[in-house]
Structures are given as structure tokens and as C-alpha cells.
There are 2 protein chains.
Amino acid sequence: MLIAIDERDTRPIYQQIVSQVKEQIQRGELQQGDELLPVRELADSLGINLHTVRNAYLKLRDQGVINLRLGRRARVARPRRIPATATEADMALGGQLRELAADAFLLGLSADELHALLDRHLAHGSPPESDSKEKK
Amino acid sequence: MLIAIDERDTRPIYQQIVSQVKEQIQRGELQQGDELLPVRELADSLGINLHTVRNAYLKLRDQGVINLRLGRRARVARPRRIPATATEADMALGGQLRELAADAFLLGLSADELHALLDRHLAHGSPPESDSKEKK
DNA sequence: CATATTGTTATATAATGCTTATAACACTTT
DNA sequence: AAAGTGTTATAAGCATTATATAACAATATG
């Protein structure tokens, strides 16, 4: 399943799980119908409580990302693919877009630079990977 | 000052203030050297506690967005404009970029569509406004 | 200089959110 | 029937967020 908790990440654990599951779907590592790890199993493997994992799964269900049914394993839901007009999509991502735009601006990034940066994550979902230092 | 608390926003109040100040700077409504509202004044106008506003100002100071000096009003700091290499910028925005990319993907947005959406917020910071039948 | 303004520090308290801990229950699969 | 899995329930601990007061320190104002 390849989920890891990052201590340096200030977000709550369940949020990190939510994000990572979404990213795995984006990268194609998880596809429609695929089974997620059982809550107890994932919880044990991460050394956390069952309910923390379950909370993450509940959030994913509420966002339509996975399906939950009693007795059966959690499965990746059918893509919603709501055609979303521009303004509809903006409703869903509005907060993130505004925050990203403001933060990027304060970093002195141009629109092109930000686009390029974003493309890196859109392609396959894999980040830069570079560890701390990097050659220029 | 034009700051408003959104009850539907799940983020803490101080975070909303942080975001809105940043967005005002991005839009040019606040510029280098401009004074922010005094903590007590903003707190009163929002009907919240002094320390909640102060907490927001502290976070903004920690991010280099504003300067705080005893006895003087908070002022918008000189732009940091750290030239930031691509990977440096990614370090700062990495989490936001990954999350946005994944969420956009799950919404079925193409790279172009996401770029266009992002541009709306980059231009002036003002959201939608122009709605119509968009091409998909 | 005197006073008001403003950021800062210090306590204390309450409310909420996150995580853990146990246990039992309900549905599905084997 | 048994095992696996999601679900519900209850409780507790801890961190974060927000509130409430009060006093202090540096700056601005008159």
C-alpha cells in the first residue's frame, strides 16, 4: 500500500492518509475497483489506531473517492468525472487555488514558473525527489 | 481591511486571517510598508479575541510576510523575493501542489483546464466572475 | 512630559479536534 | 461455523484553538 506518516508534516495523520490515497489513484497505482488495505491492517502497519485509519477512509468516502460496504473491503470508487464547468471546478478547488496563488506570489514566482512546478505533479504525481541539497 | 470569517470554512480563524492577508497583498490591496489593523481593532471588528488575531499576525511574521515591532503597528514586510530554484520553490509549495494535482485529477480536470483555473487567481486574485458556457 | 496607542507577556479556562484504547456488533467471504 | 472486515459505542488523554483578564513595554501623539 505504501503509505507512510511524515512526522514533519503538520497535518493530522488521517489527512496524510487521505492525501496519499488520492495521489496513488492519480499515479495509477490504485485504480477503480482496487481494494484498499483493511483498516486494522493499515493501522497496525503504521503503528496507529484503527479509528485514525477509519477516519481517513470516511473522509475519502465523503469525497466520493472510495466505496465502503459492511463486511467488504474498501474499494476505489468509479471516477466521478463530473464534467465540471470552470466555475464549478473552482467551487471545489477554490480555497486551494487562492492559497496557492497567494503563496506563490509571495515567493516571487511567475505564472509560468508556477505552471511548470504544477506540471511536475500533474504528469505522474511524483515530486522532484531531490533530497535536501541539489546541484544547480 | 476587509477581512471576514467564514463559518463554513473548517480552518481555524487565525488561519483564515493569514490567508486573507496574503491574498490582499497579492491583489495589491496591501503593499510593502502598509499598516495592518491593530490587533485589538481587528479583533473587535470581527467579534473575536485579541489573541486569535495576534496568533495570525505571529504566523505571518514567521513566514516573513509582515513585520512586528513593539509599540508600532504591524506592517507589510519587504518582499522576500528569494529567487528560489525550482526545487526550492517546490519545497515550500510541495504539499499544496501535490494535493491540488491529485484533487484536480480526481475531478477529471485536464492540465490545461487546471492551468486556466489557476490563472484566474494569479492575475489579480479575484475568483470567477465571468461565468458562461465554457468549452471543455 | 503626559497620555494614548499598540504590540507583548502571563495566567487561566473552555471548547474542539485528533488519537488512542477496548469491546462488541453486523455483514460478507471462506 | 469461522474468519475477515466494516461499523458502532464508550471512554480517556492530549494538543490545538479560542476566550477572558490583566499587566507590561515600546512607540506615537499632543
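The values are calculated or read from the model by the stated rules, or taken from the named source; none is laboratory data. Please read these numbers as outputs of a predicted model, since none were measured by experiment. Every residue, glycine among them, receives a Cβ derived from its backbone with ideal geometry; neighbour counts consider all protein chains shown.
A few comments on the model shown:
- Conditions (1) away from DNA strand D (no atom under 14 Å from the Cβ); (2) surrounded by 14 or more Cβ atoms within 10 Å (Cβ to Cβ); (3) under 29 Å from B:Ser19 (Cβ atoms): number failed by A:Pro79: (3)
- Segment B:1-27, residues that are away from DNA strand C (no atom under 12 Å from the Cβ), over 17 Å from B:Gln63 (Cα atoms) and β-branched (Val, Ile, Thr): B:Ile3, B:Ile5
- Cβ pairs under 7 Å, 6+ apart, first in segment A:77-99 and farther than 23 Å from A:Asn67 by Cα, second at pLDDT below 90 and polar (S, T, N, Q): none
- Selection of segment A:35-50 for residues being surrounded by 14 or more Cβ atoms within 10 Å (Cβ to Cβ) and within 13 Å of A:Leu2 (Cβ to Cβ) yields A:Leu36, A:Leu37, A:Leu42, A:Leu46.
- B:Glu23 meets the conditions (1) buried (at least 19 other Cβ atoms within 10 Å of the Cβ); (2) over 24 Å from A:Ala89 (Cα atoms) in every case but one. The failed one is (2).
- You will find that of A:Gln31, A:Gln15, the residue that is surrounded by 14 or more Cβ atoms within 10 Å (Cβ to Cβ), within 14 Å of chain B (Cβ to nearest Cβ) and in contact (Cβ under 8 Å) with a residue 40 or more places away in the chain is A:Gln15 and no other.
- Scanning segment B:28-78 for residues that are more than 11 Å from DNA strand C (Cβ to nearest atom) and assigned to a loop (DSSP other than H, G, I, E, B) yields a total of 14.
- Any hit, segment A:20-30, residues being within 16 Å of DNA strand D (Cβ to nearest atom), farther than 30 Å from B:Ile66 by Cα and of a type in the set (Lys, Arg): no
- The listed residues are A:Ile5, A:Ile17, and the only one of them that is of a type in the set (Val, Ile, Thr), assigned to a loop (DSSP other than H, G, I, E, B), under 22 Å from B:Leu97 (Cα atoms) and more than 10 Å from DNA strand D (Cβ to nearest atom) turns out to be A:Ile5.
- With respect to the stated conditions, B:Asn67 fails to be near DNA strand D (Cβ under 8 Å from one of its atoms), within 17 Å of the chain's Cα centre (by Cα) and closer than 21 Å to A:Ala102 by Cβ.
- Check on B:Leu93, at the interface with chain A (Cβ under 7 Å from one of its Cβ atoms) and farther than 16 Å from A:Leu106 by Cα: no
- Check on A:Gly108, under 30 Å from B:Ile17 (Cα atoms), assigned to a loop (DSSP other than H, G, I, E, B) and out of contact with any His (no Cβ under 9 Å at 6 or more places or on another chain): yes
- Test result for B:Arg54, over 14 Å from the mean Cα position of the chain (by Cα), within 16 Å of DNA strand D (Cβ to nearest atom), closer than 30 Å to A:Leu122 by Cα and not assigned by TED's automatic domain parsing to the domain that holds B:His121: no
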